[in-house]
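Structure first, commentary second.
The values are calculated or read from the model by the stated rules, or taken from the named source; none is laboratory data. Please read these numbers as outputs of a predicted model, since none were measured by experiment. Ideal geometry is used to build each Cβ from the backbone, glycine not excepted, and the neighbour counts take in all protein chains shown. Each accessible area value is taken on the protein alone, full model and side chains, heavy atoms only, with ligands, DNA and RNA left out. Shrake-Rupley method; radii C 1.70, N 1.55, O 1.52, S 1.80 Å.
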Amino acid sequence: MEANDGEQGRPAPTARPRPGPAARLLAAPPPGPARPQFWRSPLRGPWLTAVFGLVLLVGVTLLFLTGLLSYAAYNPDLAPVNDQTPGKGWLGFYLFSWPTSPHWLYRLTQGVHVVVGVVLVPVLLAKLWSVIPKLFEWPPVRSVSHGIERLSLLLLVGGAGFEFVTGILNVQLHYIFPGSFYTLHFYGAWVFIGAFVVHVAFRLPRAVRAVRAPGARPAAGTPEAAGLVSPRPAAATVSRRGAVAMVGLGSLALFVVTAGQSVGGWWRHTALLAPHGRDPGSGPNGFQINKTAASVGIRPSDIGPAWRLTVRGPGRQVVLTREELLAMEQNEAALPIACVEGWSTPDQLWSGVRLTALAALVGLGTDAPQVLVESVQRGGSFSSVALRDNQVRDHRSLLAVRVNGAVLSPDHGYPARVIVPGAPGVNNTKWVTRLTFGEPV
Amino acid sequence: MSGATAFRRRYGASPLHLLLVLASFALTAYAGTRLLKGDAVGVALWFVGAALLHDLVLLPLYSVLDRGAQLPGAPWPSVNYVRVPAFVSGLLLLVWWPLVLRRVGHYTATTGLPAGGFLGRWLLITAALFAASAATLLVRRWHASGPARRAARRRRRDRGTPR
């Protein structure tokens, strides 16, 4: 584009005007990374960028969809107590009743979400490496459309980094980000996905062309080179395929040291660096703990002989001791614990009283309504949770008092905890003291 | 000049380009105002920081290290024998540093799991990666020197056999 492009309509000057200092600066990039010859890797080019880009297209789509599912799994539209993002507005347009079957549903979707997120880290970094000359391209803004597109790229790269960093820190319980994880990760995802869709729309045709012609090596400075090819390449120390293989090896290594925490059993020992790669103990209560009793301030007196379970329904209330609860019909269900952090346990054998049986105590039949479950835990997110009617009515949904043949340990919710098929771990409230059936008043 | 051409001249791309970007910016504004509720400055810093972390911090850092490993006189036949294990080891640290470097004080209290061991396991993985690279180098050298070794054996045999 010429410097005097904006002067249309005026009579064209007969002699070319001498370019001013600003025009001269824009015409020639200053020394340093803005000059194409600064970047010397012979690997950079449309093919390599397209390969990483297409992997990210598939991976990020999977991350976004499983993320939306995880948001829906909390049933945030059911009750304010479930809703970590009450200001969501239309961003919750797609919410639906989270099902109870298959009982491993959340285990699968959230395990995939976290494992794929971790495994994509080297691909994301490699993609950013492959396009680094474009960050410094000269002039910084060529046209209105170019400026707008670069702003969109800031949202794309910032959004990707923000989502990956908050997610990876959260699964390690390293809460140094500026706010609640749910709020940041949810709204951040929507900021990111807008820029992502635009980027895919603009670049997908070019990426597909580039991978279809792997042998073509466009010359630096041509439109096909897209500003990625070095005009002064250094001698190659690795082939393009070798570079892709190295990135793939990085993903494989991350997969190997992470995925076992979402599989459990023997495989957990392979998760050498994942937060839940070891078992906290042995025996019936030796499986993974989300938050220990001590860490959320549960006192022995809260769950001692003075503990009572209050069951409320419309106009009725029943108070039970632990012995009275044990005297009710006990049922069994084999269900996992699956955390938003991506780790999960294989099915544990729980036994306790069906939620429908507790609803019947206050005169509600098999068409039991939703229930508000409250813990003795004082405050904190998810110390109380609302379960939808389909969750209450599932015959596998229990107020459990035993697991794997033993009494629940304090860390697993003694004297009684809820266990619901297919739900996120924090919906399986521990140290339950009150169940309120029916619509909140 | 048609309207579309005039638009392209002024804007630099097709009208479709502008419409798509505007739709995305509207969504960004809708979600972004919600994202910025609360600690707006902190979130904005994290967002922009996340955009620049790789390009202005990580990339210069690993590029300098990679160049350093390729200086004339570097002891390896190919830089990849040190580049690949260093890359994988660094990647594992980049993702799992809060646990490896024991930055999560409440980890054991919360999960009931031992906080020690991550650093040791990461170091052992790193050792295994470099050892595997060394083994690869040895095997390749052995294969590469095959013809020379066979020739030397033949010479010895020829010398030792009386005619």
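Report the B-A buried area as the accessible area lost on both sides summed, probe 1.4 Å, in Å² to the nearest 100. When B and A are taken together, about 6100 Å² of accessible area is lost.
Taking θ as phi - 60° and the Karplus parameters 6.51, -1.76 and 1.60, the scalar couplings of region B:81-93 work out to 5, 9, 5, 5, x, 5, 4, 5, 4, x, 5, 4, 5 Hz in sequence order, x denoting glycine and proline. With everything on Cα atoms, drop me the angle between helix B:15-35 and the longest principal axis of chain B, reported from 0 to 90° to the nearest 10. The angle comes out at about 90 degrees.
With both labels modelled 7 Å from their Cα along Cα-to-Cβ, the B:SER2 to A:THR61 distance reads 3.2 nm.
In terms of the Cα gyration tensor, with a ≥ b ≥ c the square roots of its eigenvalues, is region A:294-437 rounded because a/c is under 1.5, prolate because a/b exceeds b/c, or oblate? List each step's numbers first, then the result.
Numbers: a/c = 1.33, a/b = 1.13, b/c = 1.18.
Rounded shape, in that the Cα axes give a/c under 1.5.
Surface composition of chain A: carbon plus sulfur atoms hold 63% of the accessible area, using a 1.4 angstrom probe and ignoring ligands, DNA and RNA.
Would you please give the FRET efficiency between B:LEU16 and B:ARG159, computed as 1/(1 + (r/R0)^6) with r the Cβ-Cβ distance and R0 = 56 Å, to the nearest 0.05?
Numbers: r = 81 Å, r/R0 = 1.44.
Computed FRET efficiency for B:LEU16 and B:ARG159 comes out at 0.10.
So, with a 1.4 angstrom probe, what is the percent of accessible area on chain B that is carbon and sulfur? Kindly include the intermediate steps, with their values, before the conclusion.
Details: 6970 of 10120 Å².
Answer for chain B: carbon and sulfur cover 69 percent of the accessible area.
Here, the protein assembly as shown is characterised by an Rg to Rh ratio of 1.08, where Rg is the alpha-carbon radius of gyration and Rh the Kirkwood radius. Within region A:288-387, the GluC sites (Glu not before Pro) that combine a DSSP coil assignment with at most 13 other C-beta atoms in a 10 angstrom radius are A:GLU329. Test of the criteria: in region A:276-308, which trypsin sites (Lys or Arg not before Pro) are in a DSSP loop and have at most 15 other Cβ atoms within 10 angstrom of their Cβ? Passing sites in region A:276-308 are A:ARG308.
For region A:294-437, what does the accessible surface come to per residue with a 1.4 Å probe? Please give it in Å².
Numbers: 5210 Å² over 144 residues.
Each residue of region A:294-437 exposes 36 Å² on average to a 1.4 Å probe.
Based on Cα contacts under 8 Å between residues 6+ apart, chain A shows a relative contact order of 19 percent.
Translational diffusion coefficient of region B:49-149 at 20 °C, 1.002 mPa s, Stokes-Einstein with Kirkwood Rh over Cα pairs, in µm²/s as a whole number. Please list the in-between numbers first.
Values: Rh = 16.4 Å.
Estimated via Stokes-Einstein, D reaches 131 µm²/s.
For region A:138-154, a reduction of at least 30 Å² in accessible area between the chain on its own and the assembled protein chains (probe 1.4 Å) is found at A:VAL144, A:SER145, A:ILE148, A:LEU154.
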